[in-house]
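Below is one structure, written out as structure tokens; comments come after it.
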Amino acid sequence: MITRLFSAALRGVDAHEVEVEVNARDSDKPQTLIVGLPDAAVRESSQRVLSAMAASSLSLGLGTKTVNLAPADLKKEGPSFDLPIALAMAAACEEVRLGADDCMVTGELGLDGTVRPVKGVLAIAIEAKRRGRRRVIVPEANMAEAAIIDGIQVFGVKSLHQAWKFLIGEEALAPYRFDRKAFFDSKRQYEVDFDEVKGQHHVKRALEVAVAGGHNLLMVGPPGTGKSMLAKRLPTIMPDMSEEEAIEATKIHSITGMLDLQRAFLTTRPFRSPHHTISDAGLLGGGTNPGPGEVSLAHHGVLFLDELPEFRRSTLEVMRQPLEDGQVTIARAAGSLTFPARFMLVAALNPCPCGYYGDSKRECRCSPGQIERYRQRISGPLLDRIDLHVEVPVVEYRELATASSGEKSERIRERVMHARQVQRERFAGTSAPTNSAMGARQVKAHCPLDAESLSYLEHAMEQLNFSARAHDRILKVARTLADLAGSEAIRPNDVLEAIQYRSLDRSLFQ
């Protein structure tokens with residue numbers, strides 16, 4: 001008898017439906033064959049399935065069981081096919097028709113029949129809805145993650161025995177109810193706030209400008225001046241994620257297995273801070289079975305690179321594509337995968353290896369050669385893609401000792417959201433979500449300058465030797481400054497402030 005169930009295979013950040021077919025026939029030698037381009041984990045599932053079926057008192061039969069995972073040209077990876085294979089095999093051996101054409105099943109099996117959580121359940125639920133399936137059966141630990149998607153019923157199971165009884169109608173299960181809006185509202189909070197940062201008012205201003213226009217930011221200063229502290233508070237002044245953005249970001253984290261019942265849905269913007277020893281594949285994504293890297297995990301959030309020159313230069317250079325395109329394309333012999341990577345890059349570095357070059361209170365111990373080699377680890381093209389460069393000086397004791405607190409994140413976020421609303425109206429119907437994403441035509445249309453502003457910009461281009469890319473980025477930052485001020489036109493002061501944010505790469509790195 002041939003039985004079938006539906007499951008899904010992960011490819012990149014998306015899931016693709018897989019039909020699990022099982023044919024049980026008599027033969028002299030009992031065996032289980034799995035075909036359909038399975039990887040090692042899928043081929044090994046036969047042993048887990050047989051043990052789990054025996055522990056669950058399900059018929060194994062004595063003949064040959066052939067398992068086909070269709071389509072045969074799609075590579076199947078991981079242990080998520082254990083549960084559908086076991087259920088289809090039991091139905092074939094016991095000659096029971098499941099009537100589960102409206103259902104998609106996924107889950108890993110333990111040898112005792114328990115159902116263990118798997119990766120990518122959110123993507124699988126999205127695929128089930130796209131294919132018109134009304135029900136999904138998932139491990140109990142993944143049911144909140146799958147229930148994010150409206151329009152399908154989610155059933156969480158603890159064991160193979162429970163799943164079998166449910167499919168043949170001998171046990172009733174209630175679909176999992178997940179109030180997405182209530183969960184989203186209750187968890188949308190941060191443990192840190194900008195009012196905890198003493199001093200550094202001009203740096204906070206630069207951070208506000210960067211967030212308002214979606215610009216990348218570089219902070220330069222000695223150790224202990226608050227660069228990391230400021231960066232960690234950036235998500236608190238960013239606009240709240242929409243549900244669509246939250247689902248996109250959650251799907252990427254689901255693929256990497258970073259979700260559980262307590263954290264089934266990302267309600268705040270991601271903040272990723274990888275160590276400087278990270279590999280190219282770890283940052284960009286890739287590997288034998290290509291998966292998302294840190295730039296994709298920071299999608300709709302912040303990627304913070306502390307001690308920027310300590311990263312390998314080759315690792316930093318791979319970020320050029322995502323910084324420009326908002327996505328990463330990884331090509332392999334079997335095909336190419338595209339991962340979303342629209343993030344805000346925030347980097348921090350010391351002015352020299354010891355960290356005290358230019359400090360008025362501590363003497364630098366580095367030789368000119370050491371300083372030069374340290375700075376050459378960051379290429380000019382990468383610096384050109386960072387819109388704002390700001391110095392972070394040492395905080396004076398009187399600022400640290402003051403009892404008064406700074407401005408709260410909530411007030412800063414209100415100004416940022418007002419500027420973002422102006423940009424949404426400006427770019428309605430286009431692919432540019434913020435000023436930083438403007439193309440050449442949009443820059444020309446939305447960033448006209450008066451004679452005084454043109455004079456300032458021309459002088460800066462000639463004296464500081466800015467590149468053409470830097471020219472456009474100055475205009476974009478000036479547009480954001482005008483939006484924050486509620487001005488329809490870019491003013492001369494906006495251009496001067498934008499130029500000041502670009503001058504740091506020339507004074508420090510040339």
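Below are the figures for this structure:
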{"item": "Pairs of Cα atoms farther than 45 Å apart, the chain, %", "result": "28"}
{"item": "D_trans [Stokes-Einstein, Kirkwood Rh over alpha-carbon pairs] for segment 271-354, 37 °C, 0.692 mPa s, µm² s⁻¹", "result": "252"}
{"item": "Placed amide H near Arg11: partners under 5 Å, 5+ positions off or other chain", "result": "His16"}
{"item": "Relative contact order computed over segment 166-292 (Cα-Cα under 8 Å; 6+ residues apart), in percent", "result": "24"}
{"item": "Which of Cys366, Cys103 is most accessible, then next, and so on - probe 1.4 Å", "result": "Cys366, Cys103"}
{"item": "Long-range amide H partners of Tyr356 with built H, under 5 Å", "result": "Arg365"}
{"item": "Summed residue charge, Cβ within 12 Å of Ile412's Cβ, Lys/Arg positive, Asp/Glu negative", "result": "+1"}
{"item": "Nearest-10 value in Å² for the accessible area of Glu44, using the 1.4 Å probe", "result": "110"}
{"item": "Amide H partners (placed H, <5 Å) of Lys76, local residues excluded", "result": "Asp39"}
{"item": "Directionally averaged projected area (convex hull, Cα atoms, segment 320-406), nm²", "result": "9.7"}
{"item": "Paired Rg and Dmax values of segment 1-68, which use every Cα atom, in angstrom", "result": "13.2, 43"}
{"item": "Exposure rank, largest accessible area first [Ser59, Ser296, Ser405, Ser431; 1.4 Å]", "result": "Ser431, Ser405, Ser59, Ser296"}
{"item": "Rounded to 5, percent antiparallel among DSSP beta bridges of the chain", "result": "50"}
{"item": "Restraint check, Lys119/Lys476; Lys408/Lys444; Lys119/Lys204; Lys181/Lys232; Lys204/Lys251, Cα-Cα greater than 30 Å", "result": "Lys119/Lys476; Lys408/Lys444; Lys119/Lys204; Lys204/Lys251"}
{"item": "Equivalent ellipsoid dimensions for segment 94-195 as semi-axes, Å, which come from the Cα gyration tensor, largest first", "result": "30, 16, 12"}
{"item": "Using θ = phi - 60° and Karplus 6.51 cos²θ - 1.76 cosθ + 1.60, couplings along segment 305-317 (whole Hz; Gly, Pro as x)", "result": "10, 7, 6, 3, x, 6, 6, 4, 4, 4, 5, 5, 5"}
{"item": "Karplus-derived 3J(HN,Hα), 6.51/-1.76/1.60, for each residue of segment 354-367, Hz, glycine and proline x", "result": "7, x, 10, 5, x, 6, 7, 10, 10, 7, 6, 9, 8, 7"}
{"item": "Accessible area in the full protein assembly, largest first, 1.4 Å probe, for Asp193, Asp494", "result": "Asp193, Asp494"}
{"item": "From phi via Karplus (6.51, -1.76, 1.60), per-residue ³J(HN,Hα) for segment 403-419 in Hz, x at Gly/Pro", "result": "7, 6, 9, x, 6, 6, 4, 4, 5, 5, 5, 4, 5, 4, 5, 5, 5"}
{"item": "For segment 188-272: span of alpha carbons on each principal axis (Å, largest first)", "result": "39, 25, 21"}
{"item": "Expected 222 nm ellipticity per residue - DSSP helices of 4 or more, -39500 (n - 2.57), all of the chain, to 500", "result": "-11000 deg cm²/dmol"}
{"item": "Stretch gain in nm, segment Ala451-Ser405, where the contour uses 0.36 nm per residue and the Cα spacing is subtracted", "result": "12.4 nm"}
{"item": "Global form of segment 301-456, assessed from the alpha-carbon gyration tensor, a/c cut-off 1.5", "result": "oblate"}
{"item": "Solvent accessible area, Å² - Ile124, 1.4 Å probe, full protein context", "result": "10"}
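The values are calculated or read from the model by the stated rules, or taken from the named source; none is laboratory data. Model, not experiment: these values are computed from the prediction. No Cβ is skipped: glycine too gets one built from the backbone with ideal geometry, and neighbour counts run over all protein chains shown. Side chains included, ligands, DNA and RNA excluded: accessible areas come from the protein's heavy atoms. Shrake-Rupley method; radii C 1.70, N 1.55, O 1.52, S 1.80 Å.
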